[in-house]
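Every number here is computed from the coordinates shown, using simple stated rules; none is lab data. Keep in mind it's a predicted model, so treat the numbers as computed, not measured. Here the Cβ positions follow ideal geometry from the backbone for every residue, glycine too, while neighbour counts run over all protein chains shown.
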2 protein chains.
Amino acid sequence: MTTTVAGFHGITGNVGVKDGVPDAALVYATGATTSAAVFTRSRFAGPSVRLSREAETRALRAVVVVSGNANVATGERGLADARELQEWAARTAGCRPEQVLVASTGVIGVPYPMARVRPGLAALPAADRVDLDAVARAIMTTDTRPKVAVRQVGEARIVGIAKGVGMIEPDMATLLSFVCTDADVPAEDLDRIFRAVVERTYNAVSIDTDTSTSDTAAIVASGLAGTVDLEAFEDVLRDLCTDLVKMIASDGEGASRVIEVRVSGARDDAQAKLVGKAVVNSPLVKTAVHGADPNWGRVAMAIGKCATETDVHEEDVRIAFGGIETYPVLPSAAVRAELETYLRRDEVVIEVDLGIAGGEFTVYGCDLTEGYIRINADYTT
Amino acid sequence: MTTTVAGFHGITGNVGVKDGVPDAALVYATGATTSAAVFTRSRFAGPSVRLSREAETRALRAVVVVSGNANVATGERGLADARELQEWAARTAGCRPEQVLVASTGVIGVPYPMARVRPGLAALPAADRVDLDAVARAIMTTDTRPKVAVRQVGEARIVGIAKGVGMIEPDMATLLSFVCTDADVPAEDLDRIFRAVVERTYNAVSIDTDTSTSDTAAIVASGLAGTVDLEAFEDVLRDLCTDLVKMIASDGEGASRVIEVRVSGARDDAQAKLVGKAVVNSPLVKTAVHGADPNWGRVAMAIGKCATETDVHEEDVRIAFGGIETYPVLPSAAVRAELETYLRRDEVVIEVDLGIAGGEFTVYGCDLTEGYIRINADYTT
């Protein structure tokens, strides 16, 4: 599977943030583009996000990423370091700094080791046609595998990459996700389509309820493959991003299973999302799924804790797992056994119908395991 | 330490819900009382909570508790079973059913085993002066120790008990907490005082963000010790309930440390509580504390994820651990070492000042460990 896109060049390599492995990536368009980008709403967004917000997000030419250090809560020094990175990327990509998106991911509160980063950047190989798979590898932190998805729409290709396994409940985007396409899509349409897709994909995934300070998602279109049908483009882009979101959930820190919660029958989509997030984020639901424990009562508890939703009445609610009904008809011993078998799958679907109206939303997450604790009890030291 | 209170009798014993160990308790006043009670806001509140809400909560005579089965999401049968329990308690206590609070805790979605419970209740010993310590033991589920606190105010005694180690982010009360006093406090004052105390104690603790379907907290005053100074009574009651809340946090499922987050400088107390909860509930903060990892950047992340709080600006925020400052002045190597030592304590205090105005709130929680996963991955089976 090739992961190149016409009109995009780049470099990956090590610049001294991590030990030996790739920790920096630059992807840039060789000509004019349209683009769209969304960012974290964190009140502690770092200088990378701040510079990126001020960039020309409708016509980006380049994205530069450092992994292993988020450069967040690092004050004036952090801002100066981020600017230096942006300027290096602009020189290398042959564009203005304002056309460069800067992204950074890793530990918070520690400045970049610029004494190593500066010579590291200078020593990177020359830029060339870029394989986005290599970029996906270079931007990993505690990810165990790169996350890449490829689609075709008409004559155009779309290649998307993402990273992120912890501190994941994006409010605008996943930790980092970049999509390159050679489709020719007007900037306004691209922005509208991307935001609609992000709402149903990146904004629908939660690994641990913790919203990153560095969430950034962007799509850049080189236009070299010509125009496409915009509805088809949106459908294919949503499909591609859903793939990436499931990859993020399945590689969630310590995760052994993906949990998909499909809420229907809600007052509106927003209520469905609220209830879905309550279920997928419940540590008791997550640990029950981990243990393949048919404790559907915890799903009832998680729905119940949405106390603001006074139009939710337990007598109207239906709960099922992969089509196996558990409430209101309490499961027999045979149904419980069937449920235990179902819960041992890699992907568990929990279906909740609120019985109010037609609102629906699907959210994605993962189980909570000892692995999550081990990974996170000792990350900086 | 005696844990009896003048005017209160009771019984504890096994009625066949758990194997052999005590699983039922009745406490009742031998005469008239004043009282106050608060309940979960869960949309899946069970029949126990529903009957209790309809009870005469300003003049309760008795509290009956079953542990090991929450009797939640059990339909009409569950409601009939709860009524039967309430009627038994009224007969035993010599009062009307409407004067009895019913509480139940344990697995959700499974009816009581009434074929064992009925003869079990009939075989309990005769009621007598009650030791609330025995009641605290009888109402435990996955608790590893009973939670009892005793205070004196003027001539009056206050004895409080609580249980709960998981599914704990009470919205009105902790899972179950009962306070008996022989002070003579008018019902209206008792209600006002109890609600104010609950807001700063039970509503300030979170173990795992999961709100129980069965949260119930009540205070019953027999009046036998006469009147007390109401301000002193409120102070002492808050102190007693803070003790119980810290016991709950330290016995949180799998917990090895209590985390106390003191937020000051907020726009108002509600904002301080919101930010405090974001910090104390962050799985990344909880695991960092578990690993004694001085990763204060995760506290910054957790503050940052309160995206609605647009008056929070990172340049005004201060973060410290037990007086050791970590932000905005980044910690030196020596300070990091000091912090690592501090984080190995049983109780870790995180101080956040938002630098806005005078709002403050303190919340309580615990670290997140492999033990939580082990306990919860296999609870019903």
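Values of log10 I(q)/I(0) for the range B:174-270 across q = 0.10, 0.14, 0.15, 0.19 Å⁻¹ run -0.32, -0.60, -0.68, -0.99, by the Debye formula with one identical scatterer at each alpha carbon and no solvent.
Neighbours of B:Asp243 by Cβ distance under 11 Å: Lys/Arg scored +1, Asp/Glu scored -1, total +3.
As a proxy for reagent exposure, B:Glu253, B:Glu309, A:Glu155 were ordered by neighbouring Cβ count within 10 angstrom, fewest first; the result is A:Glu155, B:Glu309, B:Glu253. Computed over the protein assembly as shown, the per-residue total of -39500 (n - 2.57) for DSSP H runs of n ≥ 4 gives a 222 nm mean residue ellipticity of -10000 deg cm²/dmol, rounded to 500. Find the centroid of the Cα atoms in the range A:23-58 and in the range B:70-128, then give the distance between the two in whole Å. Between the Cα centres of the range A:23-58 and the range B:70-128 lies a distance of 61 Å. Take every Cα pair under 8 Å whose residues are at least 6 apart in sequence, average their separation, divide by the length of chain A, and the relative contact order is 17 percent. For the segment B:309-321, counting C-beta atoms of other chains within 10 Å of every residue's C-beta and taking the mean gives 2.
Annotation: amide H of A:Ala36 within the under-5 Å range of A:Ile219, sequence separation 5 or more or interchain, hydrogens built in the peptide plane. Relative contact order of the range A:258-378: 49 percent, from C-alpha pairs under 8 Å at least 6 residues apart in sequence. Counted by neighbouring Cβ atoms within 10 Å, the residues B:Asp133, A:Asp208 run from fewest to most as B:Asp133, A:Asp208. Among A:98-107, A:61-70, sorting by the average number of other beta carbon atoms lying within 10 angstrom of each residue, highest first, gives A:61-70, A:98-107. Once you sort the root eigenvalues of the Cα gyration tensor of the range A:258-378 as a ≥ b ≥ c, which label holds: rounded (a/c under 1.5), prolate (a/b larger than b/c) or oblate (the other case)? Judged from the Cα gyration tensor, the range A:258-378 comes out oblate (a/c at least 1.5, b/c at or above a/b).
With helices defined as uninterrupted DSSP H runs, which ones in chain B have an alpha carbon span along their own long axis of at least 24 Å and mean Kyte-Doolittle hydropathy of at least -0.5? For chain B, where a helix must reach 24 Å along its axis and average at least -0.5, the hits are B:230-250.
Any of A:Lys18/A:Lys163; B:Lys18/B:Lys286; A:Lys305/B:Lys246; A:Lys305/B:Lys277; A:Lys163/B:Lys305; B:Lys163/B:Lys246 with alpha carbons more than 21 Å apart? Name them for me. From the list (A:Lys18/A:Lys163; B:Lys18/B:Lys286; A:Lys305/B:Lys246; A:Lys305/B:Lys277; A:Lys163/B:Lys305; B:Lys163/B:Lys246), the Cα-Cα distance tops 21 Å for B:Lys18/B:Lys286; A:Lys305/B:Lys246. How large is the translational diffusion coefficient of chain A in µm² per second when you combine the Kirkwood radius over alpha carbon pairs with Stokes-Einstein at 20 °C and 1.002 mPa s? The calculation lands on 100 µm²/s. Remark on B:Thr227: its backbone amide H falls under 5 Å from those of B:Asp184, a criterion applied only to residues 5 or more positions apart or on other chains, H modelled at 1.01 Å from N. Taking the number of Cβ atoms within 10 Å of each Cβ as an exposure proxy, the fewest-first ranking of B:Asp239, B:Asp215, B:Asp346 is B:Asp346, B:Asp239, B:Asp215. Per residue of A:366-377, other chain Cβ atoms within 10 Å of the residue Cβ number 6 on average. Compute the Cα gyration tensor for the protein assembly as shown, then decide on rounded, prolate or oblate, letting a ≥ b ≥ c be the square roots of its eigenvalues: rounded whenever a/c is under 1.5, prolate when a/b is larger than b/c in the other cases, and oblate in all that remain. It comes out prolate by the Cα gyration axes. For peptide B:68-78, the mean count of partner chain Cβ atoms within 10 Å of a residue's Cβ comes to 3.
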